[in-house]
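The values are calculated or read from the model by the stated rules, or taken from the named source; none is laboratory data. Fair warning: this is a prediction, and the values are worked out from it, not measured in the lab. Methodologically, a virtual Cβ is constructed for each residue, glycine included, from the backbone with ideal geometry; neighbour enumeration extends over all protein chains shown.
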Amino acid sequence: MTNMMEAAQVQLREMLLHALGTLVAEGKIPAEPIPSFKIEVPADKSHGDFATNIAMASAKTLRMPPRAIAELLCGAMQFEGTYFARAEIAGPGFLNFFLQKTWFTDTVKAVLHEGDAYGRSESGKGKRALVEFVSANPTGPMHVGNARGAALGDGIAALLEWTGWGVEREFYVNDAGNQIEKFATSLEVRYLQRCGQDITMPEDAYQGQDIVVHAEHFYEQHGDQYAGADSRERRDALVNFALPQNIEGLERDLRSYRVEYDHWFRESKLHADGSVADIVKQLTDRGYTYEQDGAVWFRAEQFGADKDFVLVRANGIPTYIVPDIAYHVDKLVTRRFDKAINVLGADHHGYVPRLKAALKALDVDTDKLDVVLMQMVILMRGGEVAKLSKRSGKAIGLVTLLEDIPLDAARFFFNMREANSHFEFDLDLAVEQSSQNPVYYVQYAHARICSILRNLKQEGLYEETDAPTALDTPQETELIRHLADFPAMLEAAARVYDPSRVTKYATELATLFHRFYDACSVKNAETPELCASRTALCRAAAQILRNAMSILKIDCPEKM
RNA sequence: GCGCCUUUAACUCAGUUGGAUAGAGUAACUGCCUUCUAAGCAGUAAGCCAUUGGUUCGAGUCCAAUAAGGCGCGCCA
């Protein structure tokens, strides 16, 4: 809850406004409305801890040179009892502010005091979000894109939880429709082939070995008793046999990837309870459909989509988008989520405006639906594109990927880049146990801290204080500044649905810690006070590393 | 043809709502362990931020056009 960055910023803004008021009252500057100005953290630390452009921004309305305004402000500001020690004027008229020690010690104190909860906020309090991700086709194994989607979706869900949202994770199971028919056809052919019939697999059916395995197992149980049966009966039996196994497999594989869903929502439910038919009826009742070439079309263009599209085929079967519309009505209207967040592959981007057009036509608030598009993953090994698992030689999917690389590496790597950027996944790097591997780099920082603390305890030097006193080397203050950034980083990451900010933050934190480690000895600190203060800082850094990694469900080992 | 995304060091990428001298890692080179984990740190070298124009005190960042690459525009999902 404590956000020291924000606290300092708010205080500084008040100080500036107060100083302006004083100057106006003294007649030193004209009484003009204050233009909007910014308080930011300068990139260059020699420019202080905070800087403002207020003098430059108000130069025009006050009809005074920026530096003159800056000097007046500087003189009128009251620093007593604040987090700030002093101000400097620099460059074209920047005002740079320097924090005083109490801010740094208070920051470490806050981290230690709040512990596992440090960084949590309540901006989403009282609101409920449904995060739908992966939703892989249950007719076969998950691919690499699903592995990225799983890490990403799970990270987004966690970020929302950390910012106070009530979050539910959901997997939409496409257990109905055309692809199930294709699944049935594929199973049927393999089964009949197993029964000795000479038929060939259609080209557009599923060619994978998993289908052959299902057919074999089915044959082991039932022999050729379905060989002469009615095709419909045979297909149903095959699907009822194989599909539940596949869905269980998805659950199992995702759980081993540390993803736990609250709901597995079945598409078949929407067909069975009439929701799908109801969508067509509602759109038709509202006059938003028309018939052409025997099919029912939706006037999507009228609602902002690029073109109209078919809802019901000439053969009477609805297209895939109708259950999808029903599904989103269910999320936002029936289940009343304040936000529905979908993680989708970028190849689906054309579909989003169409779905939104239909929802708009049904008076659903489409601002409640946010789609996170995820670009393709390219796997690289030895400088070349990799398609097959090194260990099993099978195509690399979510499961086979984890045969080749550690789970922590997969979850970290898939969250290194923001969703909307093509991702080149370096398989060699992910297995490498060295500093080049960012996962190890971060984990190593944590293990190193644990080692320091173990050593202190062993030598009887460990003192658990949460009130550090003297931390003022550059390595110490920069580390603390970064600790203070954690809550704001999480807030921003949650707002833009971007877990990659967490991996970037953690990597930077590890860097700052390693620098601190190199420059400042804890065990051999000059005074007991300094030793205790640095111990507190170490504990605070480790705490935040754990908090950050827990969001991504990555382990922080105590020994490496 | 229309739409979305991408373009920053040799390679992979950061770069907050426009701010001060554009940053990391890898690869190359140079240093630092009798001292808490060298899986680390410090340093050197490396840039026409794709191109052109615009907006303004100020642009890698915003706008427009162009170029290159990826993806999408089914009675597939």
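Here are some notes:
- Each residue in the range A:48-80 was checked for being out of contact with any strand residue (DSSP E or B) (no Cβ under 8 Å at 6 or more places or on another chain) and either among the hydroxyl-bearing types (Ser, Thr, Tyr) or at pLDDT 90 or above (or both), and 2 pass.
- Here A:LEU99 meets each of (1) in contact with a Phe, Trp or Tyr (Cβ under 6 Å, 6 or more places away or on another chain); (2) surrounded by fewer than 23 Cβ atoms within 10 Å (Cβ to Cβ); (3) at pLDDT 85 or above with one exception, condition (2).
- In the range A:51-68, the residues that are surrounded by fewer than 15 Cβ atoms within 10 Å (Cβ to Cβ) and within 8 Å of RNA strand B (Cβ to nearest atom): A:LYS60
The rows are residues; the columns are (1) touching a Lys or Arg at 6+ places or on another chain (Cβ under 7 Å); (2) closer than 30 Å to A:MET489 by Cα.
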{"site": "A:ASN3", "(1), (2)": "no, yes"}
{"site": "A:GLN11", "(1), (2)": "no, yes"}
{"site": "A:GLU14", "(1), (2)": "no, yes"}
{"site": "A:LEU23", "(1), (2)": "no, no"}
{"site": "A:PRO33", "(1), (2)": "no, no"}
{"site": "A:ILE39", "(1), (2)": "yes, yes"}
{"site": "A:ALA43", "(1), (2)": "no, yes"}
{"site": "A:HIS47", "(1), (2)": "no, yes"}
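- Residues (near RNA strand B (Cβ under 9 Å from one of its atoms) and of a type in the set (Lys, Arg)) located in the range A:295-336: A:LYS307, A:ARG313
- Search result, residues across the range A:406-436 that are surrounded by fewer than 20 Cβ atoms within 10 Å (Cβ to Cβ) and more than 9 Å from RNA strand B (Cβ to nearest atom): A:PRO406, A:LEU407, A:ASP428, A:VAL431
- Test: A:ALA540 is modelled with pLDDT of 95 or more, in contact with a helix residue (DSSP H, G or I) (Cβ under 7 Å, 6 or more places away or on another chain) and more than 20 Å from A:TYR440 (Cβ to Cβ): yes
- Of the set (1) touching a Ser or Thr at 6+ places or on another chain (Cβ under 9 Å); (2) modelled with pLDDT under 90, all apply to A:TYR83 but (2).
- The criterion of at least 2 residues that are under 30 Å from A:VAL502 (Cβ atoms) is met by the following helices (runs of 4 or more DSSP H) wholly inside the range A:154-262: A:231-256.
- Given (1) over 26 Å from A:PHE171 (Cα atoms); (2) touching an Asp or Glu at 6+ places or on another chain (Cβ under 7 Å), number of the condition A:LYS339 does not satisfy: (1)
- Filtering the range A:84-125 to residues that are in a strand (DSSP E or B) and either touching a Cys at 6+ places or on another chain (Cβ under 9 Å) or over 24 Å from A:ASP466 (Cβ atoms) (or both) leaves A:ARG86, A:ALA87, A:GLU88, A:ILE89, A:ALA90, A:PHE94, A:LEU95, A:ASN96, A:PHE97, A:PHE98.
Okay, residues lined up against (1) in a helix (DSSP H, G or I); (2) in contact with a strand residue (DSSP E or B) (Cβ under 9 Å, 6 or more places away or on another chain):
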{"residue": "A:ALA7", "(1), (2)": "yes, no"}
{"residue": "A:LEU20", "(1), (2)": "yes, no"}
{"residue": "A:LEU23", "(1), (2)": "yes, no"}
{"residue": "A:GLY27", "(1), (2)": "no, no"}
{"residue": "A:ILE34", "(1), (2)": "no, no"}
{"residue": "A:PHE37", "(1), (2)": "no, yes"}
{"residue": "A:ALA43", "(1), (2)": "no, no"}
